[in-house]
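> Dropping a structure here in structure tokens format, bear with me for questions.
No value in this document is a laboratory result; all are computed from the given coordinates. Keep in mind that what you see is a predicted model, and the values were worked out from it rather than measured. All Cβ positions, glycine included, derive from the backbone under ideal geometry; neighbour counts span all protein chains shown.
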Amino acid sequence: MFKKAHLNFFLISIGVLFYVLAGISFFFHTFLSEKEKSDRDFVLVTMLENVSDIHGPKSFIVYLKNDEPLKMDFDASFYTSEEILNILSSIKEKGLKPQEEIASNRIGHIYYKIKYNPSYDTYFIVGVNREVEASIIQYSLILLLIIETAVFAALSTVLWYSSKWVVRPLELSNARQKRFISDASHELKTPLTIISTSAEVLKNDLDDNKWISTIQDQVQQLSNLINQLLALSIIDEKYELVSTEEFDFSSFLNLAILPYESLAFEKGISFEIDIEPKIKINGNKEALKQLIGIFMDNALKYCSENGTIKVHLEKNKRIKLTFYNTGSDIPDDNKEILFERFYRSDESRNSERKGFGLGLSIASRLCELYNYQIKPESKYNEFTSFTIFLTEQK
């Protein structure tokens, strides 16, 4: 249980860390890209406003009339006349639109703007190469990713060990609780055994006596409570290391519910079985047998007088096992707390039904251990059903 909590805490932590680092990367990339765009547009607009001379390195200005260059000014340290003509040819292939006062575009790393002067029927084309700036942005992002990867690895290690530290107090508290239950249970078993033995001796001497029978009945209830508390406290250790095996679950279920048919018959309860044959499962037989027993006990205990119990098993995408009984003392707003320890509805507490409200809590923990899902359904005074969706164990 705590290994899973530790893993979940770690995964949530690194998930948050990942999104934070990804957000930083996105912000950094957006900031650099927008700044580069702003700087680039400023350079090009400035050049258009004063076309008498080139502005800055790697830039050029071309005066174009009737598709022929009238004049070309460019950074001779970066361009040749042939390169400018090739750039101009590419720009003309994209099309010149005189209706647009200013148009902008790019060819590779060269960004340019076009302005049309209708008075002279002339195009002014200004451009600049921003390859170095693009490379700086790219290398900056690569460097940031390297740094973030190192930070992610370092913080993941820290989070792994810190998550153990966070879960440790809960683990110690749970261990102390289990030890207390175990110690208290063993301490209680001895006097209960003595009381039970003494009551049995008195019963033999005094024949049938209702007071002795009451003592024996209460001792038995306390013994059952102790056994259930012990079962709940050691359930993780009991099943955690138990290996699973593949077996015919349909046959297994038929055998597991067989003793309950006679109990239902004695109570005048109709028992209906609908089990799809030859359904195989990879699972823990002991855990599944305990799970079946809990839900069958629950169905027998809470089934209405002369009512019906149904057990249904089918396999579509998943194996679906359903326990149904007529009658329900579960209020519609209490379904969420059915699996809490010691939960019993008010009607159950006031009735003669024996129990402590631990069975469903044990069933819930078993399902959690094996990644099964429980779906309770009920309608007050009409029916109760529990559907378990079984998953294959690896």
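> Treat each spin label as a single point 7 Å out from the Cα along the C-beta direction, and report the Arg179 to Phe27 distance in nm.
4.7 nm
> With a Förster radius of 41 Å, plug the Cβ-Cβ distance of Ser262 and Arg168 into 1/(1 + (r/R0)^6) and report the FRET value to the nearest 0.05. Write out the running numbers ahead of the final one.
On the way: r = 49 Å, r/R0 = 1.21.
Efficiency for this residue pair is about 0.25.
> Sort Phe247, Phe27 by Cβ crowding within 10 Å, fewest neighbours at the top. Could the numbers behind the result be given before it?
Values: Phe247 14, Phe27 10.
The order, fewest Cβ neighbours first, is Phe27, Phe247.
> Once you order the gyration tensor axes a ≥ b ≥ c over the Cα atoms, which shape class does region 249-300 get: rounded for a/c under 1.5, otherwise prolate or oblate by comparing a/b with b/c? Intermediate results must be reported in sequence, preceding the final value.
Values: a/c = 2.84, a/b = 1.61, b/c = 1.77.
Oblate.
> Would you kindly state how much longer the chain becomes between Ile12 and Asp121 on full extension, computed as 0.36 nm times their sequence separation minus their alpha carbon distance, in nm to one decimal? Please list the in-between numbers first.
Details: separation 109, 0.36 × 109 = 39.24 nm, distance 6.46 nm.
Between Ile12 and Asp121, full extension yields an extra 32.8 nm.
> What FRET efficiency, computed as 1/(1 + (r/R0)^6) with R0 = 22 Å and r the Cβ-Cβ distance, is obtained for Ser251 and Gln373, rounded to the nearest 0.05? Write down the numbers at each step before the final one.
Details: r = 23 Å, r/R0 = 1.07.
Here the calculated transfer efficiency is 0.40.
> Ok, one more. With respect to the cross-link table entries Lys285/Lys375; Lys278/Lys320; Lys278/Lys317; Lys278/Lys301; Lys189/Lys210; Lys289/Lys317, which display a Cα-Cα separation exceeding 19 Å?
Working: Lys285/Lys375 21 Å; Lys278/Lys320 14 Å; Lys278/Lys317 15 Å; Lys278/Lys301 30 Å; Lys189/Lys210 23 Å; Lys289/Lys317 23 Å.
Violating the 19 Å limit, Cα to Cα: Lys285/Lys375; Lys278/Lys301; Lys189/Lys210; Lys289/Lys317.
> Oh, and also: Taking the inverse of the average 1/r across all pairs of different Cα atoms in region 2-135, what Kirkwood radius in Å do you get?
On the way: mean 1/r = 0.0573 Å⁻¹.
Kirkwood hydrodynamic radius for region 2-135: 17.4 Å.
> If r is the Cβ-Cβ distance from Val158 to Lys35 and R0 is 22 Å, what FRET efficiency results, to the nearest 0.05?
Details: r = 33 Å, r/R0 = 1.52.
Efficiency computed from Cβ-Cβ geometry: 0.05.
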